[in-house]
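Following: one structure in structure tokens, then a few remarks.
Read the figures in this text as sums done on the coordinates, not as results from a lab. As the structure is a computational prediction, the values presented were derived from the model and not from experiment. Counting neighbours? That spans all protein chains shown, and the Cβs are built from the backbone with ideal geometry, glycine included.
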Amino acid sequence: MSTTEARLQEAPPAPAPPVAPPAGPTAQLLPAREVPLGGPRAITVRRSLPSRARTTVGAWCFVDSYGPATGEDVMVVPPHPHTGLQTVTWLLSGEVLHEDSTGATARVRPGALSLMTGGDGVAHAERSLPADGAPLHGVQLWVALPEEHRHRAAAFEHHEDLPARTRDGVRTTVLLGSHDGMTSPATAWTPLLGVEVRTEGPALVRLPLDPGFEHAVLLVTGALEVAGERPGAGDLVHLGTGRDATEVVVTEGTTFLLLGGEPFAERLVMWWNFVGRSHEDVVTAREQWQDRADRFGEVPGWDADAWLRAPALPRTRLLPRG
């Protein structure tokens, strides 16, 4: 997805780098804010990461949830660029057509994971499709690529057979990484974890954790309490590191994501759809996108006039965060 949020186009106001939180368990609520996506028919999403308080959870650097939304052309995002990241698309209901400059085309449906590695540069487009009246409801996540992989060639994966288990009315599906004896086939370039948990009704969900990872819980729908926090839909609860398990109290039928990974050691510059390490990384990527450089390729079937143009850069330098 693409974003028009002004906040990602501004350098942090404080001149000093942020102070790293102490290692160990935490309970930090990161409230979501509403953000319109780019394009002629933008959908409003709930964004909890990045925030002023936190840039990453492991290598997860961007967390959006959206819907449920109904109607024709609920989401139409024309071709736009990405660098230095992976995009993760996961739906609860509805259907989305993914097209990108690697030549990949995929109809994304509930239960299937679409994973695009932007690497040095990729262009892609997304639009919702009629799905027998089902509302469009899902999440879009970004994963920052580490330095040794951020200039790799773009690639796309689509996985319809992810490992899952149902116990006592709680269904756990592993999107990325390994959890509770299950391992996803999706490619991750840092030690990473993404798990969807669904309950049919009230439940006490105990989740084993890797104490070397930092973790967070994203509420997608329903109601829950974790580490003493009660997030709203789209909110993220950061749990820190050092936990070997966590308990989630669910009070109704609920869907949430458990996100985690080794703390990401690199500082990032995130602006529009680019993830780099410096102001110059972003300036170069923007100029090349505006010039339709070969770096980003072509998305077949889209008129050149429909491609999204990059917003203007801020007047101040973009500073690394994290």
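Shown in residue order for the stretch 84-89 are the 3J(HN,Hα) couplings computed by the Karplus curve 6.51 cos²θ - 1.76 cosθ + 1.60 at θ = phi - 60°: x, 8, 10, 9, 10, 10 Hz (x for Gly and Pro). Of the residues T221, T56, T183, the one that moves most in a GNM of the chain with alpha-carbon contacts below 10 Å is T183. Scanning residues 5 or more positions from L236 or on other chains, those with amide H under 5 Å from its amide H are L30, A32, with H placed 1.01 Å from N in the peptide plane.
Counting beta carbons within 10 Å around each of E126, E266 and listing the fewest first gives the order E266, E126.
According to the Cα gyration tensor, what semi-axes, each the square root of 5 times an eigenvalue, does the equivalent ellipsoid of the stretch 257-316 have, listed from largest to smallest in whole Å? Before the final figure, lay out the partial values.
Details: eigenvalues 138, 62, 24 Å².
Those come to 26, 18, 11 Å.
Legend: ranking of residues W90, W302 from fewest to most surrounding C-beta atoms inside 10 Å; resulting order W302, W90.
Mean-square fluctuation check for the chain, GNM, Cα pairs under 10 Å: which of M116, M75, M182 is largest? Its mean-square fluctuation being the largest, the pick is M182. Going by neighbour counts of Cβ atoms within 10 Å, the residues L207, L115 line up, fewest first, as L207, L115. For the chain, a Gaussian network of Cα nodes joined below 10 Å ranks T166, T87, T55 by mean-square fluctuation, and the top entry is T166.
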